[in-house]
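Just passing along the structure, written as structure tokens.
Bear in mind these aren't lab numbers, they're just calculated from the coordinates by the rules spelled out. On a predicted model such as this, the values are computed, not experimentally measured, just so you know. In this analysis, Cβ positions are derived from the backbone assuming ideal geometry, glycine residues included, and neighbour counts consider all displayed protein chains.
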């Protein structure tokens, strides 16, 4: 189901807090790793749909700076899924003109993952389709601190100079934040960028989030009136 015309403005940039992999697995008495694996399949479906739904940018909260606190085995599973996803889907990104962007300090990952990410960034740099921005080792508060420091080092600190130093510099303004699993918080994600974004929450756990529900979120956004603090 495409985004219906005439419903107002379509979002240019959507961010998703992909929550609920662990609960999905627990409900089915499966290991958490299976929830993360099914979550990657949901990522694949939504990324493939992004261009067809008219998005210019899709940002996904994949691994926060706080996720290092999880059990070592779970972190290792997540790193393995990241490796596999890049290797399996990179050619498809290139073929579809998807441009990859990384939000966060990805160089904190193991050297082989850093090499994979930098190779993917280089190979997709010329893409003329939607931008896929993946938040890896990302924290919104840390992003603001580093952006303010960088702006101060160059001279004046103001809205424009800080925005120029954010990981999202060059992306369209954030229009819509989606969070799955019934939680209703930002969890340190895109704190600056979400200042005037719309929010859409669903009880659906991330592995069950599909293109139909994604389209429903975009259609609801299109019917909203955005005032940006005005009347």
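Give me P(r) over the stretch 114-231, computed from all C-alpha to C-alpha distances, binned every 5 Å, as integer percentages.
2, 9, 15, 17, 19, 19, 12, 5, 2, 0
Another question, then. How would you rank 90-99, 48-57, highest first, on the average number of other Cβ atoms within 10 Å across their residues?
On the way: 90-99: 15.4, 48-57: 17.9.
The densest-packed peptide leads the list: 48-57, 90-99.
Measure off 7 Å from each Cα along the Cα-to-Cβ vector at residue 92 and residue 160, then give the distance between these two points in nanometres to one decimal.
Distance between the two pseudo-spin positions: 4.1 nm.
From the Cα gyration tensor of the stretch 71-157, with a ≥ b ≥ c the square roots of its eigenvalues, which class applies: rounded if a/c is under 1.5, or else prolate if a/b is larger than b/c, or else oblate?
Oblate, because a/c is 1.5 or more while a/b does not exceed b/c.
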